[in-house]
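As structure tokens, the structure follows; a few thoughts come after it.
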Amino acid sequence: MANTSSAKKATRKIARRTEVNKARRSRVRGFIRKVEEAILTGDQAVAQEALRACQPELMRAASKGVVHFNTASRKISRLASRVKAISA
């Protein structure tokens with residue numbers, strides 16, 4: 001347990017930040033799930049639209065520090081290649 005007032009304040013700040021980050025991470029997962037579902041249905045138009053909505057969310061999460069920039073880029077790249085492979 002925190003003893004000093006500054007340590008107590010730090011734990012409060014961490015708790016607030018954790019809640020915000022959880023919400024952001026959950027939001028990103030939802031966007032990724034929509035792309036995954038569109039890929040599974042085989043509808044390229046819907047999948048591309050979902051990917052177009054997913055990209056800014058992933059990069060926003062990266063800029064906020066929720067995920068690493070390289071992780072976000074990798075996810076976007078892999079989703080894009082899977083969407084592109086639907087038509088083939």
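In the range 64-88, the residues that are in a loop (DSSP other than H, G, I, E, B) reach residues that are modelled with pLDDT of 95 or more with C-beta atoms within less than 6 angstrom, at least six apart or across chains, in these pairs: 66/21; 66/24; 66/25; 67/61.
Could you tell me whether any residue of the range 10-23 is part of a helix (DSSP H, G or I) and either surrounded by 13 or more Cβ atoms within 10 Å (Cβ to Cβ) or among the acidic types (Asp, Glu) (or both)? Checked the range 10-23: at least one residue is part of a helix (DSSP H, G or I) and either surrounded by 13 or more Cβ atoms within 10 Å (Cβ to Cβ) or among the acidic types (Asp, Glu) (or both). Is it fair to say residue 45 is among the aliphatic types (A, V, I, L, M), assigned to a helix (DSSP H, G or I), buried (at least 19 other Cβ atoms within 10 Å of the Cβ) and free of Cβ contacts under 8 Å to residues at least 12 places away in the same chain? So residue 45 fails the test.
For the residues 2, 72, 53, the requirement of being at pLDDT below 95, surrounded by 11 or more Cβ atoms within 10 Å (Cβ to Cβ) and among the hydrophobic types (A, V, I, L, M, F, W, C) singles out 2.
The values are calculated or read from the model by the stated rules, or taken from the named source; none is laboratory data. Just so it is clear, the model here is predicted, and its values are computed rather than measured. Here Cβ is always computed from backbone atoms with ideal geometry, including for glycine, and neighbour counts include all displayed protein chains.
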